[in-house]
1. Could you tell me which residue of the range 586-615 is surrounded by the fewest Cβ atoms within 10 Å (Cβ to Cβ), considering only residues that are basic (Lys, Arg) and within 14 Å of the ligand (Cβ to nearest atom)?
2. For the range 457-466, does any single residue satisfy the condition of being part of a helix (DSSP H, G or I) and within 23 Å of TYR533 (Cα to Cα)?
3. Test ASN473 against the criterion of being surrounded by fewer than 21 Cβ atoms within 10 Å (Cβ to Cβ), of a type outside the set (A, V, I, L, M, F, W, C) and modelled with pLDDT of 95 or more, and give yes or no.
4. Which of the residues spanning the range 299-314 are away from the ligand (no atom under 16 Å from the Cβ) and open to solvent by 10 Å² or more (accessible area, probe 1.4 Å)?
5. Looking at the range 208-225 only, could you name the residues that are touching a residue at least 40 places away in the same chain (Cβ under 8 Å) and either among the β-branched types (Val, Ile, Thr) or in contact with a Ser or Thr (Cβ under 9 Å, 6 or more places away or on another chain) (or both)?
6. Within the range 387-408, which residues are surrounded by fewer than 24 Cβ atoms within 10 Å (Cβ to Cβ) and assigned to a helix (DSSP H, G or I)?
7. Would it be correct to say that GLY102 is of a type in the set (Gly, Ala, Ser), in the same structural domain as ALA32 (by TED's automatic domain parsing), more than 25 Å from TYR26 (Cβ to Cβ) and not in a helix (DSSP H, G or I)?
Amino acid sequence: MCGIVGYMGNREAYPILVKGLHRLEYRGYDSAGVALVNSNGDLSIYKTKGRVSDLEEFCQSKDTTGMIGIAHTRWATHGEPNNVNAHPHYSESENLALIHNGIIENYAVLKARLMQNGYHFKSNTDTEALIQLIEYIKKQNKVDLCTAVQLALGQVVGAYAIAVMEKGQPDLLIAARKSSPLVLGIGDDEFFIASDASPIIEYTNKVIYLEDEEIVIVKRNLQPKIVTIGNVEKTREIIELEISLNELEKGGYDHFMLKEIFEQPRTLRDCMRGRIDVSCSQVVLSGIIDHKERFRNVKRIIILACGTSWHAGLIGEYLFEEFCRIPVEVEYSSEFRYRNPVINPDDIVIAISQSGETADTLAAIEQARQAGAFVYGICNVVGSSIARNTHSGSYTHVGPEIGVASTKAFTAQLLVLAMMALSVAHEKNTLTEERYLRLLNELNVIPDKIEWILNTTNDSINNLSKIFTYAHNFIYLGRGYNYPVALEGALKLKEISYIHAEGYPAAEMKHGPIALIDSEMPIVIIATDNGMYEKVISNIQEIKARNGRVIAVVSEHDTVVKAIADYVIEVPATEDCFDPLLTTIPLQLLSYHIAVNKKRDVDMPRNLAKSVTVE
Ligand code: G6P
């Protein structure tokens, strides 16, 4: 959470920083700020509650000159979103400015100590304690800024990606990280730092990903120097990124979320490319091939994830158990890491994360690694922390997902899990050749079927959404493979429309949620013609007997559900196990249109962040 960006070069920093903040706004957007050092060495900070656009307005009358600067877009942890708690923060003398993403866990102790030494605090943030500490150490020990940062970070418990500047130093920018991401961009005589590569890519594709406890010292006209907190010099490989600017823009759609929903046929084709051979007779996933013995002999798989990725994990459980007959447990990373779990050295842990930066998932896989388990990552962001901290893995390859509510990353996670399960099943001989080939062929046509759904249902779902825009509650039901889809459908609606929604396995309805059903209650039920069809029809009857309003996702040409449901949305038929790849699409569209009708900020819903780098 929180986006940080910094620039030093031969151009004016402010426009580059503000553009960078817009690209990082998905990480947090409750306040924003910028610090600049001009050519006279004056250090100024401008910050305000609200969006990056509010900052731009605020800065209109200000002197924003300077060829070095740092900027921040905040997702509040300590202290409410207001002008004072916004970053950057000054030190006591106002000679230093700092931006921070992460949490300084021992800030209260540090703050108390600094206050005893005459330091005054303006904000309620943990961050202010760090910049005050840096200044205190700098003065006490009479050291330069870099040494002061090193010594201060040595006293910090917690997670951080920071950038610091000093008054009178228009040629010096210092940044550091631990557990929060930080990328250094290297241009021609100009340097960038950012939480991810999106603010950098417009200027250079050459980047270095800093490792934990590393500090980068950027000096004008010199090569950046990387040292650890303990002052060991490091050499890091320069990576050439392949993201295009186009991928970061809306491409004619009103929102990133809609663009990303509509991109899914292409993103799934990209995700499959080179992994399912042209004759559809083989899955080639190098992450599995390189470790096939381990997968062939594994006794248990543990899937770790949060949010939407956790829903993908639930579907992964069904896939691995059905195809490979391997027992699977799916855990919220945040629960797993704190409950003293039993982890065996011969377990395989699959960590699923779009961002590859989710703090709880990172910590949970570290625990699994310590216990000797083999960890496989399914990430979207190339070079992300989880991708780098796992033994093997597969990228989802869907390009940057900007909308805070995950859509295309989810379907690609499902696709990767399906390809993994098929590949392992083939190794283990747990599927007949005939079924294996049939499933592969079906996977191959899933993008076409999604295209069909998008083209034929978007308008009708838009109309349908108008009927339900003012509902206060929703229930989502599904069975078998479609139960996690119901959870995901409910989450999507909650996230972007702020309507309360619950997902349940359809059969569980009678153990509680049925009490909520009346003529006001919309119930979205996935009732495709699969192994659970008859049972789901009975559930619909139970709802109709209580006057509930049923919106059913059905298979194309269905007549039975159509006769009893209030509204139906058709999807093409597929194998039961791939149903989620199709049934999730109308639910994404439904939540999108309801949120638009309610005039919600679809891409940046309140209180949420795309990348949750705090626990
Ligand atoms: C946040 C996002 C969700 C996401 C979850 C897990 O809550 O808003 O969309 O599903 O984090 O993120 P990850 O990057 O690990 O998949």
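The values are calculated or read from the model by the stated rules, or taken from the named source; none is laboratory data. In this text, all values refer to a predicted model and were calculated from it rather than measured experimentally. Cβ atoms come from the backbone with ideal geometry, glycine included; neighbour counts cover every protein chain shown. Note: accessible area is taken over every heavy atom of the protein model, side chains too, but ligands, DNA and RNA are not part of it. Shrake-Rupley method; radii C 1.70, N 1.55, O 1.52, S 1.80 Å.
1. Residues of the range 586-615 that are basic (Lys, Arg), as a first pass: 598-600, 606, 610.
Those still in the list that are within 14 Å of the ligand (Cβ to nearest atom) too: 606, 610.
Numbers: ARG606: 11, LYS610: 25.
Ranking the candidates gives ARG606 first.
2. Within the range 457-466, one or more residues are part of a helix (DSSP H, G or I) and within 23 Å of TYR533 (Cα to Cα).
3. Values: surrounded by fewer than 21 Cβ atoms within 10 Å (Cβ to Cβ): yes; of a type outside the set (A, V, I, L, M, F, W, C): yes; modelled with pLDDT of 95 or more: yes.
So ASN473 fits the description; yes.
4. Passing the criteria: LYS299, ARG300.
5. Passing the criteria: TYR209, GLU213, ILE215, VAL216, ILE217, VAL218.
6. ALA387, ARG388
7. On the way: of a type in the set (Gly, Ala, Ser): yes; in the same structural domain as ALA32 (by TED's automatic domain parsing): yes; more than 25 Å from TYR26 (Cβ to Cβ): no; not in a helix (DSSP H, G or I): yes.
Considered against the rule, which asks whether it is of a type in the set (Gly, Ala, Ser), in the same structural domain as ALA32 (by TED's automatic domain parsing), more than 25 Å from TYR26 (Cβ to Cβ) and not in a helix (DSSP H, G or I), GLY102 comes out as no.
Results for (1) open to solvent by 40 Å² or more (accessible area, probe 1.4 Å); (2) farther than 30 Å from GLU249 by Cβ; (3) in contact with a Phe, Trp or Tyr (Cβ under 7 Å, 6 or more places away or on another chain), shown as yes or no for each residue.
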position	(1), (2), (3)
ALA97	no, yes, yes
LEU110	no, yes, no
GLN140	yes, yes, no
LEU151	yes, yes, no
ASP189	yes, no, no
